[in-house]
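Some notes on the structure that comes next.
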Amino acid sequence: MFKQIAVAAALVVASSAALAQQPATKFYAGAEVSSTKLDGAGREGGFGGFIGYKFSETLAVEAGYARLADGSIDFDGEDVDLEVNQTSLSVIGTLPLSSGFSLYGRLGYNDIKVKASASGVSASAKLDDGAVYGVGLGYAFSPAISGRVEVSKPISDMTKVTAGVVFHF
């Protein structure tokens, strides 16, 4: 009888431990707002989105799209509407800290394109492509939602500061 009780107790403990473990979420997606500064020019507000996959707690890959700037300039008396867009693919390395905080670094490739339109005519051009790098601070509000702030360099003379929310699923 004692063996049966011991086996039943062991099964209950093992099953409750298995049920208590939450599966690690691998995929995530999010949205961000940004402020981008090009050396010699003013700051522009922007927005973006991203999706990612976590290989582990410390390593992820992330793809993103961001509107870095959207506005108009006066060029020879003509109003020209400009859009500056960024697409990127990065490796994210994360250092978990205490109390839900984490520090992360980004290293990847990005492509920045400019679209200009005036008087019904529009043109697009590649501004730059190459390495993007940055550092950020994250905070987990819950296992499913976290926030982050980041400073990155999409190109050598551009600095992008972002604040975003991340949804883990």
Next item on the list: Would you work out the charge dipole size for the chain about its Cα centre, treating the Cβ of every Lys and Arg as +1 and the Cβ of every Asp and Glu as -1, and quote it to the nearest 20 debye?
Entry: 1180
Check: How far is helix 2-20 tilted, in degrees, relative to the longest principal axis of the Cα atoms in the chain, given as a value from 0 to 90 rounded to the nearest 10?
Finding: 10
Next item on the list: Grab the other residues whose beta carbon is less than 14 angstrom from that of Pro143, score K and R as +1, D and E as -1, and report the net.
Entry: +1
Next item on the list: Compute the distance in nm between two label points, each set 7 Å from the Cα along the Cα-to-Cβ direction, one at Ser122 and one at Ser72.
Entry: 1.5
Item checked: Answer label for Rg/Rh (Cα atoms, Kirkwood Rh) (calculated), chosen among (1) 1.23; (2) 0.95; (3) 0.98 -> (1)
Next item on the list: Work out how far the C-alpha atoms of segment 73-169 reach from end to end along every principal axis, then list the three figures in whole Å, largest first.
Entry: 55, 24, 22
Notebook entry, point to check: Among Ala118, Ser152, Ala140, whose Cα sits farthest toward the positive end of the charge dipole of the chain (+1 at Cβ of Lys/Arg, -1 at Cβ of Asp/Glu, about the Cα centre)?
Noted result: Ala140
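Greater than 21 Å separation of Cα atoms is the criterion. Which listed pairs, Lys54/Lys153; Lys113/Lys160; Lys37/Lys126; Lys54/Lys113; Lys54/Lys126; Lys37/Lys113, meet it?
In this structure, Lys54/Lys153; Lys54/Lys113; Lys54/Lys126 lie more than 21 Å apart at Cα.
At most 15 other Cβ atoms within 10 Å and a DSSP loop assignment: could you name the GluC sites (Glu not before Pro) in segment 22-84 that fit?
Glu57
No lab work stands behind these numbers, since they all come straight from the coordinates. Since the structure is predicted, the reported quantities are computational estimates derived from the model, not experimental observations. FYI the Cβ positions are ideal-geometry reconstructions off the backbone, even for glycines, and counts take in every protein chain you see.
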